[in-house]
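This is the structure I want to talk about, given as structure tokens.
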Amino acid sequence: MKSRLILVHGAVLFFCMSAIFAGKLVAQTPAEKLQSISQVLNLSPQQKDQLLPILKAEAPKLEAIKSNPSLSKRDKRKELKSIHDQADPQVKAILSPTQYGQWKDIRKQEIDQAKGKE
């Protein structure tokens with residue numbers, strides 16, 4: 001079981017890194033982002049319906065942070081984490097424990113990606 005969980009997390013990280021380097025997570029609409037995430041997390045239609053408003057609500061905030069040249073890498077990371085933390089309780093209630101672990105990995109990659117830009 002533990003080795004399967006490690007394998008799943010490794011696959012998620014590989015997907016995230018591939019998507020980041022391909023530029024797929026950079027300028028996605030919330031619906032496009034949901035589609036990408038849905039493929040990784042194997043979301044049900046109900047989960048998709050519940051997650052889309054969350055992604056739509058945070059999209060302008062995330063984009064503003066990512067595109068703000070006056071923020072340092074550290075400040076970008078801090079701001080992105082703050083926005084993610086606000087939505088976290090809602091997301092955790094929607095996803096299974098395994099999906100939620102994968103979600104956290106995706107979010108970490110998003111923060112690391114923005115932190116790398118300046």
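Taking the residues in region 52-69 that are open to solvent by 60 Å² or more (accessible area, probe 1.4 Å) and assigned to a loop (DSSP other than H, G, I, E, B) as candidates, determine which candidate is modelled with the lowest pLDDT.
S67
Is region 88-98 home to any residue that is small (G, A, S), part of a helix (DSSP H, G or I) and free of Cβ contacts under 8 Å to residues at least 40 places away in the same chain?
For region 88-98, residues small (G, A, S), part of a helix (DSSP H, G or I) and free of Cβ contacts under 8 Å to residues at least 40 places away in the same chain: present.
Please work out if I37 is assigned to a helix (DSSP H, G or I), at pLDDT 90 or above, aliphatic (A, V, I, L, M) and surrounded by 15 or more Cβ atoms within 10 Å (Cβ to Cβ).
yes
Could you list all residues from region 82-118 that are loosely packed, with under 14 Cβ neighbours inside 10 Å and modelled with pLDDT under 90?
Once the filter is applied, which keeps residues that are loosely packed, with under 14 Cβ neighbours inside 10 Å and modelled with pLDDT under 90, region 82-118 yields G116, K117, E118.
As an exercise: evaluate L43 against (1) of a type outside the set (V, I, T); (2) part of a helix (DSSP H, G or I); (3) crowded, with 16+ Cβ neighbours inside 10 Å and give the number of the one condition it does not meet.
The number of the failed condition is (2).
So in region 70-81, with the set limited to residues that are of a type in the set (D, E, K, R) and touching a residue at least 12 places away in the same chain (Cβ under 8 Å), which one is most open to solvent (accessible area, probe 1.4 Å)?
The selected residue is R74.
Please go through (1) out of contact with any Gly (no Cβ under 9 Å at 6 or more places or on another chain); (2) at pLDDT below 90 for K73 and return the number of the only condition it doesn't satisfy.
Condition (1) is where K73 drops out.
The values are calculated or read from the model by the stated rules, or taken from the named source; none is laboratory data. Just so it is clear, the model here is predicted, and its values are computed rather than measured. Don't worry about glycine lacking a Cβ; one is built from the backbone with ideal geometry, like all the others, and counts go over all protein chains shown. What goes into the accessible areas is simple: the full protein's heavy atoms, side chains included, and nothing from ligands, DNA or RNA. Shrake-Rupley method; radii C 1.70, N 1.55, O 1.52, S 1.80 Å.
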